[in-house]
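Novice: Handing you a structure now.
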Amino acid sequence: ANNTIGSYIEEFWSDAYLAPDTSVVLNLNPFFLLEEDPDAKIAKDQILRAASLTFQSLKFAASLKNETVPPDTIRGVALCMDQFHALFGGSRIPKVGQKDVVEVDPESKHVAVLFRNQFYYFQGLWPSVMDEDGQGDG
């Protein structure tokens, strides 16, 4: 694992998320709120919405792997995006008596789905097949 700090937020995140020995799910679980889907047909159907979010996430993951995501900027100044590498294929590994670590598998390409107490998985990314627009080249 890379132990360098690339952004001021990484040290805070490391201390808040990786250091505690208590349950992260119960005590530190950050959340975000998704906006209503602009397509009313998708917005009303939970399975269609989940499929749409999965597809869009795979497009973004492909863009990250292909290093084609433009940098976030404020007033024309590019922001640090080092933490993006752990968005997909990352896992928090618990350590006894020390900070947990985040391990990232750069070869990660599968999606896991939980539906009615059953897990399913499928390959969602292929090398050189998906570009940032979700289009295949072969």
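The values are calculated or read from the model by the stated rules, or taken from the named source; none is laboratory data. As the structure is a computational prediction, the values presented were derived from the model and not from experiment. FYI the Cβ positions are ideal-geometry reconstructions off the backbone, even for glycines, and counts take in every protein chain you see. Heavy atoms of the whole protein, side chains included, go into the accessibility calculation; ligands, DNA and RNA do not. Shrake-Rupley method; radii C 1.70, N 1.55, O 1.52, S 1.80 Å.
Novice: Do we find a residue being within 30 Å of residue 21 (Cβ to Cβ) and modelled with pLDDT under 90 anywhere in segment 105-114?
Specialist: Looking through segment 105-114, at least one residue is within 30 Å of residue 21 (Cβ to Cβ) and modelled with pLDDT under 90.
Novice: Looking at (1) modelled with pLDDT under 90; (2) more than 26 Å from residue 37 (Cα to Cα); (3) out of contact with any strand residue (DSSP E or B) (no Cβ under 7 Å at 6 or more places or on another chain); (4) assigned to a loop (DSSP other than H, G, I, E, B), find the lone condition where residue 95 falls short.
Specialist: (3)
Novice: Restricting attention to segment 65-102, which residues are aliphatic (A, V, I, L, M) and over 30 Å from residue 23 (Cα atoms)?
Specialist: Within segment 65-102, 69, 74, 77, 78, 79 qualify.
Per-residue answers, yes or no, for (1) modelled with pLDDT of 80 or more; (2) part of a strand (DSSP E or B); (3) open to solvent by less than 70 Å² (accessible area, probe 1.4 Å):
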residue: 3; (1), (2), (3): no, no, no
residue: 13; (1), (2), (3): no, no, no
residue: 25; (1), (2), (3): no, no, no
residue: 35; (1), (2), (3): yes, no, no
residue: 58; (1), (2), (3): yes, no, yes
residue: 69; (1), (2), (3): yes, no, yes
residue: 80; (1), (2), (3): yes, no, yes
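Novice: May I pose another question? Filter segment 104-113 down to the residues that are in a strand (DSSP E or B) and touching a helix residue (DSSP H, G or I) at 6+ places or on another chain (Cβ under 9 Å), then identify the one that is nearest to residue 58 (Cα to Cα).
Specialist: 111
Novice: Taking into account only those residues within segment 91-104 that are within 14 Å of residue 14 (Cα to Cα) and not charged (D, E, K, R), which is surrounded by the most Cβ atoms within 10 Å (Cβ to Cβ)?
Specialist: That would be 102.
Novice: OK, next. Based on this model, can you work out whether residue 124 counts as at pLDDT 85 or above and open to solvent by less than 80 Å² (accessible area, probe 1.4 Å)?
Specialist: Criteria met by residue 124.
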